[in-house]
Amino acid sequence: MTLRILVVGAGIAGLAAARALRLAGFRPDVVEELPATMLPGAGIYLPGNASRAMRQLGLDAPLRPLGDLIFRQVFLDARGRELFEMDVAGLWAGVGESRALSRADLQQVLLTGVGGEVRYDTAVRDLEIFEGAAKVEFGDGSVAEYDLVVGADGRRSTIRAKAGLGAAADPTGQIVYRSVVTGGPPLSDWTALLGRRSSFVAMPMGGRKIYCYADETAPDSPNPEDPKAHLRELFGTFGGPVPAILDAIEKVQVARTDEVVLPSWSRGPVLLVGDAAHATAPTLAQGAAMSFEDAVVLGEELRAASGDVASALRAYEDRRRPRCESVRDRTRERDRTRDVPPALRDPMLRRRGLRIFTDHYRPLVSPA
């Protein structure tokens with residue numbers, strides 16, 4: 001049976017879903033509200049399970065030359081003294097490599113795997129669900145019917161709202177700062193410094209560039225007017241590589257993190273994937289990995305169901321929900337640990353940090 005499928009969103013989740021659907025024998029339409037010129041900035045860290053899913057999507061070869069491999073994660077206190085370190089290569093042995101790279105490069109790899117044209121500047125104006133199909137009205141006034149609509153349009157999903165699957169995302173109280181630094185200090189490991197309700201993470205991403213991710217728990221504070229100056233104020237007393245990185249930072253992206261928690265990810269022939277369905281704070285770096293795994297499982301279940309969309313979506317959610325909920329729970333646990341006062345947290349992490357943080361990832365070593 002030939003299914004008419006629409007994927008809404010041409011970010012990480014949408015392009016991965018489109019790739020998986022094509023591998024499963026379908027030919028989805030892909031639309032994106034933003035223009036093609038809007039390339040994602042900053043960098044991204046892909047743990048081993050993300051690499052495994054990219055291999056399942058047949059996209060590991062173009063990924064391999066990009067960015068920098070991460071073999072260790074080193075956790076330091078605010079002064080730069082070691083708390084513990086994780087053997088990342090050992091943790092993900094037999095699963096996949098861990099890698100830091102440019103988001104724009106990752107986007108390009110995913111685009112080459114879609115195998116069809118993405119319709120940019122194309123918003124979904126309206127969505128009507130009726131028995132066995134969905135009618136979609138686009139921003140230009142055109143209308144089309146689909147057997148399956150995949151909402152991969154992120155934390156602030158239009159499809160989620162129009163399908164009646166949930167309200168707005170819930171703020172976590174975190175503000176995150178992202179930057180790519182050229183010509184910073186030599187850095188060979190993923191390195192995190194933990195402060196008071198704040199952290200600063202830096203990692204090599206190839207080409208003498210460093211990807212920096214910093215965050216703070218500040219639920220009642222407005223976004224800073226001068227993010228670069230705010231980073232200097234917030235992390236100016238930190239040790240390790242932070243002073244040299246702060247000196248080299250030029251541009252900073254600022255965002256607030258939120259969660260998406262829904263009772264169901266589908267209604268009729270409409271399904272949410274990626275952040276539209278189960279966004280979390282980015283603490284465990286599992287956003288892209290969960291989106292890739294979503295794509296792989298969706299393709300498998302649609303193919304296995306031989307065109308029965310309803311049964312495929314039920315099977316998909318049965319497989320994916322426990323894993324995604326586990327990631328959310330462990331993300332919350334990691335954030336709670338981070339926000340323990342340093343006088344209590346740092347001695348505890350020196351004793352037990354390796355076991356605690358390794359346990360956050362261990363369930364993800366198994367396939368999705």
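Read-outs: derived from the displayed coordinates by stated rules, not from any lab. Values in this document were obtained by computation on a predicted structure and should not be read as measured data. Because the Cβ atoms are built from the backbone with ideal geometry, glycine has one as well, and the counts that use them run over all protein chains shown.
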- region 235-276 scanned against label point 7 Å out from Arg334 along Cα→C-beta; backbone N under 12 Å for none
- Note the per residue figure in Å³ for the convex hull of the C-alpha positions in region 69-171. 210
- Note on the structure: One finds the C-alpha centres of region 177-197 and region 219-238 to be spaced, in Å, by 15
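Filter the chymotrypsin sites (Phe, Trp or Tyr not before Pro) in region 114-175 down to the DSSP loop ones having no more than 16 other Cβ atoms within 10 Å, then list what survives.
Details: sites: Tyr120, Phe130, Phe138, Tyr146; in loops: Tyr120.
In loop regions of region 114-175 (DSSP not H, G, I, E or B), the sparsely surrounded chymotrypsin sites (Phe, Trp or Tyr not before Pro) are Tyr120.
Suppose the chain between Arg362 and Ile129 were pulled fully straight at 0.36 nm per residue; how much longer would it get relative to their current alpha carbon spacing?
Numbers: separation 233, 0.36 × 233 = 83.88 nm, distance 3.96 nm.
Gain on extension, Arg362 to Ile129, equals 79.9 nm.
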- Message: Tell me whether region 255-311 comes out rounded, prolate or oblate; compute the Cα gyration tensor, take square roots of the eigenvalues as a ≥ b ≥ c, and use a/c under 1.5 as the rounded threshold.
- Response: oblate
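Over the alpha-carbon set of region 1-138, divide Rg by the Kirkwood Rh and report the Rg/Rh ratio to two decimals. The partial results should precede the final answer.
Numbers: Rg = 18.7 Å, Rh = 17.2 Å.
Reported Rg/Rh (Cα atoms, Kirkwood Rh): 1.09.
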- Task: Please pull out the direction-averaged projected area of region 104-161, using the convex hull of its alpha-carbon atoms, in nm² to one decimal place.
- Result: 5.0
- Sum up the lysine pairs in the chain that clear both bars: alpha-carbon distance under 26 Å and a spacing of 8 or more or different chains. 4
- Query: For Ala144 and Arg72, what does the FRET efficiency come to when R0 = 51 Å and r is the distance between their Cβ atoms, rounded to the nearest 0.05?
  - Reply: 0.55
- Message: Show me, bin by bin at 10 Å from 0, the whole-percent P(r) of region 286-368 based on Cα pairs.
- Response: 16, 37, 24, 14, 8, 2
- Query: Considering every pair of different Cα atoms, what Kirkwood radius, in Å, is found for the chain?
  - Reply: 21.2
- Report, to two decimal places, the Cα Rg of region 72-121 normalised by 2.2 N^0.38 Å (N = number of residues). 1.83
- Taking the Cα centre of region 218-279 as origin, sum charge times position over the Cβ atoms of Lys and Arg (+1) and Asp and Glu (-1), and report the length of that vector in debye to the nearest 20. 200
- Message: Quick check: from the Cα gyration tensor, does region 27-71 come out rounded (a/c under 1.5), prolate or oblate?
- Response: oblate
- Give me Rg over Rh for region 107-229, both radii from the alpha carbons and Rh done the Kirkwood way, two decimal places. 1.10
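Grab the beta carbon distance between Asp60 and Ala168, set R0 = 35 Å, and tell me the FRET efficiency rounded to 0.05. Could the numbers behind the result be given before it?
Working: r = 36 Å, r/R0 = 1.02.
Once rounded, the FRET efficiency stands at 0.45.
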- Once the Cα atoms of region 187-248 are picked out, what are the Rg and Dmax in Å? 12.0, 38
